[in-house]
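Undergrad: One structure follows; several queries about it will come next.
Bear in mind that the values in this text are calculations on the coordinates, not laboratory data. All values derive from a computational prediction rather than experimental measurement. Glycine gets a Cβ as well: all are built from the backbone with ideal geometry, and neighbour counts include every protein chain shown.
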Amino acid sequence: MSGTNGTHAFVQPNGGGAQLAPAAGALLEVDGLSVAYGKARALHGVSLDIRAGEIVTVIGPNGAGKTTLVSTIAGLLRPQVGTVALGGERIDRRPTERVAVAGIRLVPERRHIFTSLTVRQNLAVGAFRPTGGGAAREEIERVFALFPALAAKANQLGGQLSGGQQQMLAIVRALVGRPRVLMLDEPTIGLAPQPVAELFDRIVALRDAGLAVLLVEQNVRGSLAIADRAYLLERGAVVTSGTAATLAADERVLRSYLGVA
């Protein structure tokens with residue numbers, strides 16, 4: 001596993017809050033999370049953690065609760081029970097915008113870019129600062145330097161990009177906020193094999209630069225190939241977890257998700 005001691009190009013300071021003792025080396029820690037939609041329980045006591053410079057993937061069938069999990073971490077949903085802590089500070093009761101300021105960014109399924117805005121304008125939305133535009137412009141140039149292929153299309157409309165380019169734009173838009181944890185919900189959905197391979201390569205590069213990446217992905221084989229650790233979520237509960245290599249060899253995963261009898 002590649003990593004650093006937690007300082008990297010994407011880190012920003014987190015705000016104040018109640019202190020929790022993090023798991024050894026954990027940057028993000030989810031403990032006993034339970035979430036319901038009305039009377040329907042979507043998550044049941046889910047716990048996981050992720051360190052800086054690590055890719056953790058959450059796999060499982062449709063309806064397992066994967067999107068509910070990352071939405072709750074991002075502050076879009078409130079847990080009934082359990083806690084979410086970033087750097088030892090509880091964030092599970094903060095509004096969504098404060099969770100983002102603390103350093104967690106979610107790239108949702110289906111990308112949600114502004115198709116009528118240029119690439120640069122899309123990034124300006126992600127880099128918006130109430131105090132002025134100077135810092136935002138610097139952030140945009142910083143991520144363009146990291147993603148030169150996207151910089152070459154700076155003045156192209158988002159709707160004119162390929163599916164793979166749109167997904168990369170959605171990820172780069174999240175990066176302008178200098179997140180500590182980047183959460184990706186089904187980033188390869190609808191993409192052809194070549195853009196999928198390129199996207200996974202970029203995710204690995206972000207991990208190698210020290211970013212913590214929480215990857216929710218239906219492409220089980222691909223996600224396990226690039227991840228450090230993995231959690232299998234079924235019916236809202238973690239049924240097994242371990243290194244990505246361990247889960248790739250697990251009989252349940254082989255049979256149900258990798259098509260090996």
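Undergrad: Taking 30 Å as R0, compute the FRET efficiency from the Cβ-Cβ separation of Ala249 and Val125 and round it to 0.05.
TA: 0.10
Undergrad: Continuing with the same structure: With a sphere of radius 11 Å drawn around the Cβ of Arg90, what net charge do the other residues whose Cβ falls strictly inside it have (Lys, Arg +1; Asp, Glu -1)?
TA: Values: positive: Arg93, Arg94; negative: Glu29, Asp31, Glu89, Asp92.
Once positives and negatives cancel, what remains is -2.
Undergrad: Another question, then. Placing +1 at every Lys and Arg Cβ and -1 at every Asp and Glu Cβ, with all other atoms neutral, what dipole size does the chain have around its Cα centre, in debye to the nearest 20?
TA: For this selection, approximately 600 debye.
Undergrad: Another question, if that's okay. Based on other C-beta atoms within 10 Å, arrange Leu214, Leu117 from fewest to most.
TA: With the sparsest Cβ surroundings first, the list reads Leu117, Leu214.
Undergrad: What does the charge count around Ala52 come to, taking other residues whose C-beta lies under 10 Å from its C-beta (Lys +1, Arg +1, Asp -1, Glu -1)?
TA: +2
Undergrad: Sticking with this structure for a sec: Would you mind getting me the FRET efficiency between Ala225 and Ala154? Use the beta-carbon distance for r and R0 = 41 Å, nearest 0.05.
TA: Once the sixth-power term is evaluated, E becomes 0.85.
Undergrad: Top mean-square fluctuation among Gln156, Gln194, Gln218, Gaussian network model of the chain, C-alpha springs under 10 Å?
TA: Gln194
Undergrad: Relative contact order of the stretch 197-245: what whole-number percent is it, with Cα pairs under 8 angstrom and at least 6 residues apart?
TA: 26
Undergrad: Given only helices, namely DSSP H runs of n ≥ 4 each adding -39500 (n - 2.57), what is the per-residue ellipticity at 222 nm of the chain, to the nearest 500 deg cm²/dmol? Kindly include the intermediate steps, with their values, before the conclusion.
TA: Values: 10 runs with 87 residues, N = 261.
The helix-only estimate for the chain comes to -9500 deg cm²/dmol at 222 nm.
Undergrad: Another question, if that's okay. Using DSSP H assignments, which helices in the chain have an axial alpha-carbon span of 15 Å or above and a mean Kyte-Doolittle hydropathy of -1.0 or higher?
TA: Passing helices, by number: 134-146, 163-175, 193-208.
Undergrad: Could you state the per residue volume, in Å³, of the convex hull enclosing the Cα atoms of the chain? Mind showing how you got there, number by number?
TA: On the way: hull volume 32.9 nm³, N = 261.
Value for the chain: 126 Å³ per residue.
Undergrad: Further, regarding this structure: Select from Ala85, Ala197, Ala100 the residue whose mean-square fluctuation is largest in a Gaussian network model of the chain (Cα-Cα springs shorter than 10 Å).
TA: Sorting by GNM fluctuation, first place goes to Ala197.
Undergrad: What share of Cα pairs, in percent, lie more than 16 angstrom apart in the stretch 111-177?
TA: Summing the P(r) tail past 16 Å for the stretch 111-177 gives 36 percent.
Undergrad: Count charges around Arg235 for me, please; just the other residues with Cβ under 14 Å from its Cβ, Lys/Arg as +1, Asp/Glu as -1.
TA: Values: positive: Arg41, Lys66, Arg252; negative: Glu234.
Every neighbour counted, the sum reads +2.
Undergrad: Next up: Please give the direction-averaged projected area of the C-alpha convex hull for the stretch 220-261, in square nanometres with one decimal.
TA: Working: hull surface 10.8 nm².
Result: 2.7 nm².
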